[in-house]
Amino acid sequence: MINAIDVTKDYRTEGRVNRVLSNVSFNLAKGEKLALLGRNGSGKSTLIRLVGGVELPTRGTIEQTMSVSWPIGLAGGFHGSLTGNDNMRFIARVYNKPFDQIKAYVEDFAELGKFLSEPMRTYSTGMKARFMFALSLAIDFDCYLIDEVIAAGDQRFQRRSHEELFEKRADRSMILASHIGEIIKAYCSRALVLHRGRGKVFTDLDLALDIYNDL
Amino acid sequence: MSSFWRGLVIQWRVVGALIIREIYTRFGRESLGFAWIVAEPLVFAIPVLFVWRAVRDPNEHGISLMPFLWSGYLPLLLFRHLGGRILLFIRANVPLLYHQRVTIFDIFLARALLEIFSNLTALVVSFAVFYTIGAVDVPRDLPMFYLGYFYMIWWSVAVALVIGALCERTDWVQQVWMPYSYLYMMFSGFFYLADWLPPSLRNVALYQPYTQAYEMIRGGVFGTTITTYGDPAYTTFALAILTLFGLWLMRDSRKYVVIE
């Protein structure tokens with residue numbers, strides 16, 4: 001269960017306060033999948049980072065009673081001068097998982113081959129996204145925070161991602177920032193629409209998508 | 001297992017993983033990587049001490065120069081290196097904060113422990129080198145020496161907490177740190193004993209916890225052949241306050257971190 005109550009986030013830029021989120025509340029039960037809808041800059045990534053504990057809200061609380069993944073997106077969470085293998089080793093230690101098992105899964109899923117022994121700064125954006133996504137699946141969380149990443153990679157990777165995420169892990173919770181209406185309608189039960197810092201939860205996904213398209 | 005113990009076990013695992021990662025990122029993965037941790041402070045200490053030995057009067061103020069410089073320079077290195085490593089450490093480690101289990105405090109602890117370990121090894125190795133050539137003797141009052149060094153570590157960690165947390169809030173902490181860590185050489189007690197100062201100045205100098213620690217270290221090295229003014233009760237009190245202040249700042253500093 002995740003319970004976000006009146007979450008507000010301000011950023012300070014050159015002395016000016018920029019309010020990105022203003023009193024946003026929502027909850028997420030175990031196994032439930034919530035879509036995040038909003039235009040670029042509406043605070044989707046910020047909200048995902050707050051739920052993932054990467055940043056702290058300026059005001060409000062986010063309670064968690066299940067294990068929550070790091071925000072899985074196009075960037076972040078790895079060290080560029082370390083190799084894929086060393087990043088994997090570090091994350092395996094932090095989450096107390098056997099390295100061999102994690103490595104086997106990531107090798108199979110991310111299909112990075114010999115790149116795993118190269119520093120990660122030499123990876124393309126798609127390779128980094130595939131790597132971190134595979135790693136988060138290998139760690140096995142109760143709830144996955146997904147920021148657009150399922151649009152990454154080629155068709156084969158996308159198909160396998162869908163299979164791993166939505167079929168094999170159908171019992172997990174998910175917060176999914178996506179612009180793709182079919183994915184949202186296929187897997188999510190509710191949607192949180194963000195606009196100008198405000199957030200509203202809709203159970204009618206068609207309505208939510210219509211509103212999003214009109215924003 | 002109670003949740004407190006579980007928390008502690010997780011924290012130690014995270015700190016351990018961070019230390020290994022830090023070694024990789026700083027020194028590379030080759031076998032020399034680990035050796036560098038030990039060698040780095042030695043590369044500073046040994047040439048500097050030899051040069052001083054060559055140019056200065058070996059018996060200034062009636063005490064021998066080498067033990068005086070050796071017992072002054074190693075704590076100075078700890079202070080400067082720990083502070084230097086901790087500047088902007090949060091910003092430099094933003095990728096780590098993606099993992100909820102990794103806290104700012106864990107990252108701080110990993111860096112500080114690595115720096116302390118590296119310094120203590122350098123202390124032992126440099127002692128062995130200078131002892132072998134007859135330049136320094138075993139400290140006359142070992143418990144006093146250890147106590148003084150302990151306070152020096154504590155002081156360095158407490159200051160690192162404060163500046164590590166503050167430099168996320170304002171950029172001038174970095175500008176101040178450079179001259180401060182340099183001038184520190186002059187006023188810390190690295191170059192003097194409190195006994196050499198006029199009483200009025202001495203009373204002011206002894207308000208500084210690091211001068212207190214230096215007094216205890218020197219008292220340990222030279223025993224009763226010199227007069228020292230170390231006061232463990234005052235030093236503990238001053239450092240405890242500084243540490244609490246540093247922890248409070250550090251706890252709050254997460255709010256100031258902006259990620260990409």
### Query
From the phi of every residue in segment A:31-36, what ³J(HN,Hα) in whole Hz does the Karplus formula 6.51 cos²θ - 1.76 cosθ + 1.60 yield, where θ is phi - 60° and glycine or proline is x?
x, 7, 10, 10, 8, 10
### Query
Mind listing the phi-derived Karplus ³J(HN,Hα) values for segment B:217-232, rounded to whole Hz, using 6.51, -1.76 and 1.60 with θ = phi - 60°, and x for any glycine or proline?
4, 5, x, x, 5, 9, x, 7, 6, 10, 9, 10, 10, x, 10, x
### Summary
Quick calc, residue B:36 & residue B:113: beta-carbon distance into FRET formula, R0 22 Å, rounding 0.05, result 0.85
### Query
Counting Lys and Arg as +1 and Asp and Glu as -1, each charge on the Cβ, what is the dipole of chain B about the Cα centre in debye, to the nearest 20?
720 debye
### Query
Using modelled backbone amide H atoms (1.01 Å from N, in-plane), which distant-in-sequence or interchain residues come within less than 5 Å of residue A:38's amide H?
A:194
### Query
Got the relative contact order for segment B:1-159 handy, in percent, Cα pairs under 8 Å and 6 or more residues apart?
32 percent
### Query
Put +1 on the Cβ of each Lys and Arg and -1 on the Cβ of each Asp and Glu in the protein assembly as shown; which of B:200, A:134, B:143 then has its Cα farthest toward the positive end of the dipole?
A:134
### Query
For A:130-138, what's the mean count of beta carbons from other chains sitting within 10 Å of each residue's beta carbon?
0
### Message
Charges at C-beta only: +1 for Lys and Arg, -1 for Asp and Glu. How large is the resulting dipole of segment A:97-215 about its Cα centre, in Debye rounded to 20?
### Response
320 debye
### Query
For chain B, what is the mean residue ellipticity at 222 nm derived from helices alone (per DSSP H run of n ≥ 4: -39500 (n - 2.57); sum divided by total residues; nearest 500 deg cm²/dmol)?
-24500 deg cm²/dmol
### Message
If I model a spin label at residue A:196 and residue B:50 as a point 7 Å from the Cα along the Cα→Cβ vector, what separation in nanometres do I get?
### Response
7.2 nm
### Task
Please quote Rg/Rh for segment A:129-190 to two decimal places, taking the Kirkwood radius as Rh and restricting both calculations to Cα atoms.
0.91
### Task
Note down the nm distance, to one decimal, between modelled labels 7 Å out along Cα→Cβ at residue A:121 and at residue A:210.
5.1 nm
### Query
Per 10 Å bin, what percent of the C-alpha pairs of segment B:98-176 does each bin hold, from zero upward?
14, 33, 29, 17, 7, 0
### Task
Compare the Cα positions of B:46, B:78, B:108 along the charge dipole of segment B:21-114 (+1 at Cβ of Lys, Arg; -1 at Cβ of Asp, Glu; about the Cα centre) and return the one farthest towards the positive end.
B:108
### Summary
Going from the fewest other Cβ atoms within 10 Å to the most, one would list B:107, B:133 as B:133, B:107
### Task
For segment A:1-138, just the Cα atoms, rotate onto the principal axes and tell me the three extents in Å, largest first.
46, 38, 25
#### Entry: For segment B:187-228: relative contact order, % (alpha-carbon pairs under 8 angstrom, 6 or more apart)
44 percent
### Query
In debye, nearest 20: dipole of chain A around its Cα centre with unit charges on the Cβ of K, R (+) and D, E (-)?
520 debye
### Message
Under a crude label model (7 Å from the Cα following the beta-carbon direction), how far is residue B:124 from residue B:201 in nanometres?
### Response
3.9 nm
### Query
Shielding of B:7-19 by partners, i.e. mean partner chain Cβ atoms within 10 Å per residue?
2
### Query
Averaged over A:85-97, how many beta carbons belonging to a partner chain fall within 10 Å of each residue's beta carbon?
5
### Task
Please report the orientation-averaged projected area of the protein assembly as shown, defined via the convex hull of its C-alpha atoms, in nm².
26.5 nm²
#### Entry: Under 20 Å, Cα to Cα: Lys pairs in the protein assembly as shown, sequence gap 8 or more or different chains
19
## Note on the structure
Evaluated at 4 °C and 1.567 mPa s, the Stokes-Einstein D of chain B based on the Kirkwood radius over Cα pairs, in µm²/s, stands at 66 µm²/s
### Summary
Among A:81, A:113, A:178, the residue whose Cα sits farthest towards the positive end of the charge dipole of chain A (+1 at Cβ of Lys and Arg, -1 at Cβ of Asp and Glu, taken about the Cα centre) is A:81
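None of the figures in this text is laboratory data; all of them are computed from the coordinates on show. Since we're looking at a predicted model, the values are computed, not measured. Because the Cβ atoms are built from the backbone with ideal geometry, glycine has one as well, and the counts that use them run over all protein chains shown.
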